[in-house]
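Report on the following structure.
The values are calculated or read from the model by the stated rules, or taken from the named source; none is laboratory data. It should be emphasised that the depicted structure is a prediction, and the values quoted were computed from it without experimental measurement. So basically every Cβ, Gly included, is an ideal-geometry build from the backbone, and we count neighbours across all protein chains shown.
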């Protein structure tokens with residue numbers, strides 16, 4: 001009986017340590033990547049944000065001295081509609097008169113990509129929408145599609161995105177504006193990745 | 001029957017000793033202290049008044065901000081934490097603004113790494129540009145002192161607690177890449193310090209400090 005007690009102790013001790021080491025403590029479900037090969041090289045993958053449902057909180061406008069910036073946050077979906085990640089968008093005026101738009105796309109099961117793009121002075125999504133004549137509370141039939149600026153380039157990436165150069169195009173497909181001016185529609189983020197070899 | 005009981009008693013005793021060893025395991029306790037004089041030292045808090053947005057899957061003891069913010073309940077993002085924060089300098093002036101997305105790491109194990117999370121930061125510094133920072137943080141010392149010690153073992157909070165959670169991804173701590181403005185193309189390293197003055201089931205009293213160093217700055 002003493003031997004069994006000792007055997008049980010050793011098994012319990014080693015089993016717990018093995019569990020602490022080998023147990024998969026955190027695993028996110030990995031959804032199938034819907035990618036296509038583009039003719040001039042690279043792999044196209046599109047993500048979607050349904051507005052206003054996928055917007056996380058209101059946009060934040062930040063004023064600091066003469067400078068100001070803004071932050072927006074979204075849930076990120078694959079083209080099949082599964083929520084697979086999170087996205088943050090920062091807009092920051094720069095000293096040369098342009099504005100930088102920086103994106104952070106994090107898909108927990110896959111990794112993160114940070115993008116940046118430069119917009120000409122005075123060009124903004126709000127300005128482009130105003131130019132269409134769409135006003136708060138109104139709908140647009142057919143919808144309005146706005147490609148904003150030049151493609152953003154990836155600057156850093158982690159996980160399965162590491163060692164891949166990406167370009168990102170943000171396309172705002174606007175069905176209308178809510179009474180408070182919030183966009184109703186879909187934001188499509190199209191990424192083209194090219195292996196960095 | 002008594003043989004089975006002896007085996008079970010041995011299993012329970014062995015598991016209990018192993019759990020105690022894991023609780024006090026020195027290999028999962030800490031990390032290096034932050035650098036002495038970083039280029040930027042940015043401070044933040046997780047109290048509702050100090051954050052613009054804080055959302056998660058509701059299992060975390062942290063108030064959602066604003067109260068009606070969508071929670072991160074979907075399977076693909078459950079367990080993540082998103083915070084949008086003003087970042088202040090030592091004098092309390094708004095020096096930057098940031099988004100932090102925290103994701104539990106698959107590399108977590110409790111023998112010599114601890115409870116690892118990947119923190120992805122987008123930090124915009126008005127007048128300068130935007131930075132991306134990836135930090136691997138070991139949150140086991142914080143979780144052990146709060147969720148395990150106070151919530152699970154019903155012992156008193158023995159704080160205030162001070163933590164230096166950053167352990168990677170490199171030996172120098174978090175990796176920083178400049179995205180735009182004057183900071184475009186710059187690289188560097190960062191570390192986080194955090195402090196918890198009081199714990200009563202919520203991490204709202206948690207405050208932090210990001211110490212960022214850019215090469216050649």
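Taking each residue of region A:127-144 that is surrounded by 11 or more Cβ atoms within 10 Å (Cβ to Cβ) and looking for partners that are in a helix (DSSP H, G or I) with beta-carbon atoms closer than 9 Å, six or more apart or interchain, yields A:140/A:132; A:144/A:128; A:144/A:129; A:144/A:132.
In region A:49-76, which residues are farther than 17 Å from residue B:57 by Cα, more than 8 Å from chain B (Cβ to nearest Cβ) and part of a strand (DSSP E or B)? Those that are farther than 17 Å from residue B:57 by Cα, more than 8 Å from chain B (Cβ to nearest Cβ) and part of a strand (DSSP E or B): A:49, A:50, A:51, A:61, A:63, A:70, A:72.
Residue A:45 meets the conditions (1) more than 7 Å from every other protein chain (Cβ to nearest Cβ); (2) in contact (Cβ under 8 Å) with a residue 60 or more places away in the chain; (3) assigned to a loop (DSSP other than H, G, I, E, B) in every case but one. The failed one is (3). Per the conditions (1) closer than 20 Å to residue B:133 by Cα; (2) buried (at least 17 other Cβ atoms within 10 Å of the Cβ), the sole criterion not satisfied by residue A:163 is (2). Taking the criterion of being surrounded by fewer than 21 Cβ atoms within 10 Å (Cβ to Cβ) and at pLDDT 95 or above, the only residue of region B:157-176 that qualifies is B:175.
Entry remark, region A:96-124: residues being more than 30 Å from residue A:33 (Cα to Cα) and touching a residue at least 60 places away in the same chain (Cβ under 8 Å) number 0 in total. Among residues of region A:113-126 being more than 12 Å from residue B:99 (Cβ to Cβ) and at pLDDT 90 or above, the one that is surrounded by the fewest Cβ atoms within 10 Å (Cβ to Cβ) is A:117. Looking across region A:174-191, the residues that are within 18 Å of residue A:59 (Cα to Cα) and either outside any strand (DSSP E or B) or free of Cβ contacts under 8 Å to residues at least 60 places away in the same chain (or both) come down to A:174, A:176, A:177, A:178, A:179, A:180, A:181, A:182.
Tell me which residues, restricted to region A:145-166, are in a strand (DSSP E or B) and without any contact (Cβ under 8 Å) to a residue 40 or more places away in the chain.
Once the filter is applied, which keeps residues that are in a strand (DSSP E or B) and without any contact (Cβ under 8 Å) to a residue 40 or more places away in the chain, region A:145-166 yields A:145, A:146, A:147, A:153, A:164, A:165.
Residues that are under 18 Å from residue A:148 (Cα atoms) and within 7 Å of chain B (Cβ to nearest Cβ) were ranked within region A:77-103; the one that is surrounded by the fewest Cβ atoms within 10 Å (Cβ to Cβ) is A:94. Residue check: is residue B:17 surrounded by fewer than 17 Cβ atoms within 10 Å (Cβ to Cβ), facing chain A (nearest Cβ under 7 Å) and within 30 Å of residue A:10 (Cα to Cα)? Yes. Residue B:2 satisfies every condition listed in (1) within 12 Å of chain A (Cβ to nearest Cβ); (2) closer than 29 Å to residue B:201 by Cβ; (3) free of Cβ contacts under 8 Å to residues at least 40 places away in the same chain; (4) surrounded by fewer than 21 Cβ atoms within 10 Å (Cβ to Cβ) except (2). So, residue B:27, is that one out of contact with any helix residue (DSSP H, G or I) (no Cβ under 9 Å at 6 or more places or on another chain) and assigned to a helix (DSSP H, G or I) or not? Taking the combined requirement at face value, the residue satisfies it. Among the residues of region A:16-32, those that are facing chain B (nearest Cβ under 7 Å) and either crowded, with 18+ Cβ neighbours inside 10 Å or assigned to a helix (DSSP H, G or I) (or both) comprise A:16, A:17, A:20, A:21, A:28, A:31.
Of the residues screened, residue B:212 is one that is more than 14 Å from every other protein chain (Cβ to nearest Cβ), in contact (Cβ under 8 Å) with a residue 12 or more places away in the chain and within 24 Å of residue A:95 (Cβ to Cβ).
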